[in-house]
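S.K.: I have a structure I would like to understand better, so I am pasting it below and will then ask my questions one at a time.
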Amino acid sequence: MSTPRETPTPSQGAARGAVSGFLLKLLREAAHLTQTEFAELAGVDTTTIYGWESGRRPLAGLRAGDLTRVRMLLTRHGAPPHAIALLGDALEADLIIGDTIATDPATAAPNHHPLAISVHQRTLANLITWPVTGRPPAQMADLDTRRGRGPRATHPVVSATDRQQFFDNLLLTADACRWPDDALLRRQATFLLGFDDRTQTSDWLAGELTRATGSPSSTGPPGWLWVRSSAIALAAAGDCGPLRAWLSQLRDDHAQERTNLTYYAYWVGELGTGPVTTDAAMVRADPGTWSGERLLRHLLDRLHPSTRQADLYAHTLADLIASHPHLLANPALRAATRTALDRMSGDSELMPQARHDLANVAYAVRMSSR
């Protein structure tokens, strides 16, 4: 492999390449290669490998052909292909983080912001928030983040200054967006702001929910998802009341329930399509065209007592079983559903509606066992 060439990229700080660089390190270690061995195989010096993995020399600066060769090299030496496939999303996550930090919201055109391009799915969103939450995407469960000697980072590191700038600019960007012209950007920025633990952001999110609920545009799918994202962001910040209020009115609105279910199916990759560019396009999918198994496993994995979004998971699970009853014909899925229900049986923090939803699921499980 010839020496990879790099093209200049703006904002060359570590925030520009932290996510893809950390993933590259885990992939190299999964291939049982040292930095020196990897450098020799890639035809570069060890400082280049260190720069890639630390994010100081972003992988986004590589030519497309050279990045493909890096992927092929990792595959050849045994790195998991499903984890290698995450590199594309990791590069996009770095671009979103880096551009949000580097761009002045006062002068930038909203339609040029990377959050305005497509509706995000779970993997990309998890990669964007990985430096904040420390939780990697599920596809990386078999990558060992503890390999090596001595203390070491277990997730991508973004400096405190860059993290503050990211959330500051995200808040300014969201606040400057006008509904419905910049609907997707505003909604996705709102979702990410749920991972900011500062009081000023929580206050803005509370106001955003009020704005979303009172908007004349809140009566269709994009508006419903605006309210949904605002309520979920507040729940992530510790205030579950708005999410429960939204769920209380959701049960009387079949169209909103279907929108929520279809969005979740898209979120976990059920729809079998690549990213779509608008919320309205995403929610048009017919529930009968996707299996529901991936979404069922996703919901069951997250149904744990005292989880902030447990009420939402319970309601979505009940809707999924109602629309896809064939799922419980699978003995393994039926057993997994029963296990999750048993786990939640003692959760006193669930809202009454959520307990009713889980009771409906339990009844469906019993009927499918006959």
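The values are calculated or read from the model by the stated rules, or taken from the named source; none is laboratory data. Keep in mind that this is a model prediction, so the values were computed, not measured. So basically every Cβ, Gly included, is an ideal-geometry build from the backbone, and we count neighbours across all protein chains shown. Accessible surface areas use protein heavy atoms only, side chains included; no ligands, DNA or RNA. Shrake-Rupley method; radii C 1.70, N 1.55, O 1.52, S 1.80 Å.
S.K.: Has the range 193-203 got at least one residue that is open to solvent by 10 Å² or more (accessible area, probe 1.4 Å), in contact with a Pro (Cβ under 7 Å, 6 or more places away or on another chain) and without any contact (Cβ under 8 Å) to a residue 60 or more places away in the chain?
M.R.: Within the range 193-203, the first condition is being open to solvent by 10 Å² or more (accessible area, probe 1.4 Å), and the residues that meet it are 195, 197-200, 202-203.
From what's left, in contact with a Pro (Cβ under 7 Å, 6 or more places away or on another chain): none.
No, the range 193-203 contains no residue that is open to solvent by 10 Å² or more (accessible area, probe 1.4 Å), in contact with a Pro (Cβ under 7 Å, 6 or more places away or on another chain) and without any contact (Cβ under 8 Å) to a residue 60 or more places away in the chain.
S.K.: Further question on the same structure: Of the conditions (1) touching a Leu at 6+ places or on another chain (Cβ under 8 Å); (2) touching a residue at least 60 places away in the same chain (Cβ under 8 Å); (3) open to solvent by 10 Å² or more (accessible area, probe 1.4 Å); (4) of a type outside the set (D, E), G238 clears all except one; give me its number.
M.R.: Result: G238 passes all but (1).
S.K.: Shifting gears a bit: Counting only residues that are among the small types (G, A, S), give me the helices (runs of 4 or more DSSP H) lying completely in the range 114-204 with at least 3 of them. Break it down into steps so the answer makes sense when it comes.
M.R.: On the way: elements: 122-133, 160-176, 183-193.
By residue number, 160-176.
S.K.: I've got another one for you. What are the pairs with Cβ atoms under 6 angstrom where one residue, in the range 126-154, is more than 20 Å from G88 (Cβ to Cβ) and the other, located anywhere, is at pLDDT below 85 and surrounded by 10 or more Cβ atoms within 10 Å (Cβ to Cβ)? Sequence gap at least six, or different chains.
M.R.: Between residues of the range 126-154 that are more than 20 Å from G88 (Cβ to Cβ) and residues that are at pLDDT below 85 and surrounded by 10 or more Cβ atoms within 10 Å (Cβ to Cβ), the close pairs are T154/T145.
S.K.: Restricting to the range 100-115, give me the number of residues that are more than 21 Å from R198 (Cα to Cα) and buried (at least 20 other Cβ atoms within 10 Å of the Cβ).
M.R.: Of the residues in the range 100-115, 2 are more than 21 Å from R198 (Cα to Cα) and buried (at least 20 other Cβ atoms within 10 Å of the Cβ).
S.K.: May I pose another question? Residue check: is T277 out of contact with any strand residue (DSSP E or B) (no Cβ under 6 Å at 6 or more places or on another chain), without any contact (Cβ under 8 Å) to a residue 60 or more places away in the chain and β-branched (V, I, T)? Before the answer, list the steps.
M.R.: Details: out of contact with any strand residue (DSSP E or B) (no Cβ under 6 Å at 6 or more places or on another chain): yes; without any contact (Cβ under 8 Å) to a residue 60 or more places away in the chain: no; β-branched (V, I, T): yes.
Spelling it out, it is not the case that T277 is out of contact with any strand residue (DSSP E or B) (no Cβ under 6 Å at 6 or more places or on another chain), without any contact (Cβ under 8 Å) to a residue 60 or more places away in the chain and β-branched (V, I, T).
S.K.: For A141, work out the one condition from (1) over 26 Å from R297 (Cβ atoms); (2) of a type outside the set (S, T, Y); (3) more than 14 Å from the chain's Cα centre (by Cα) it doesn't fulfil.
M.R.: Failing condition for A141: (1).
S.K.: How about the range 239-269: which of its residues are in contact with a His (Cβ under 9 Å, 6 or more places away or on another chain), within 16 Å of G292 (Cβ to Cβ) and among the charged types (D, E, K, R)? Steps first, please.
M.R.: Applying the first criterion (in contact with a His (Cβ under 9 Å, 6 or more places away or on another chain)) to the range 239-269 yields 247, 250-251, 257, 260, 264, 267-268.
So of that shortlist, the ones also within 16 Å of G292 (Cβ to Cβ) come out as 257, 260, 264, 267-268.
Listed by number, the list holds a single entry, E257.
S.K.: What pairs come out if I take residues in the range 40-62 that are farther than 23 Å from E92 by Cβ and pair them with residues that are open to solvent by less than 10 Å² (accessible area, probe 1.4 Å) and among the hydrophobic types (A, V, I, L, M, F, W, C) whose C-beta lies under 8 Å away, six or more apart or interchain?
M.R.: Listed pairs, sorted by first residue: L41/L73; D45/A39; T46/A39.
S.K.: L67: at pLDDT 95 or above, buried (at least 22 other Cβ atoms within 10 Å of the Cβ) and under 20 Å from L127 (Cβ atoms), yes or no? If you could, list the steps in order and put the result at the bottom.
M.R.: Numbers: at pLDDT 95 or above: yes; buried (at least 22 other Cβ atoms within 10 Å of the Cβ): no; under 20 Å from L127 (Cβ atoms): yes.
For L67, the condition - at pLDDT 95 or above, buried (at least 22 other Cβ atoms within 10 Å of the Cβ) and under 20 Å from L127 (Cβ atoms) - is not met.
S.K.: Among the residues that make up the range 18-28, is at least one of them modelled with pLDDT under 95 and β-branched (V, I, T)?
M.R.: Going through the range 18-28, the residues modelled with pLDDT under 95 turn out to be none.
No, the conditions are met nowhere in the range 18-28.
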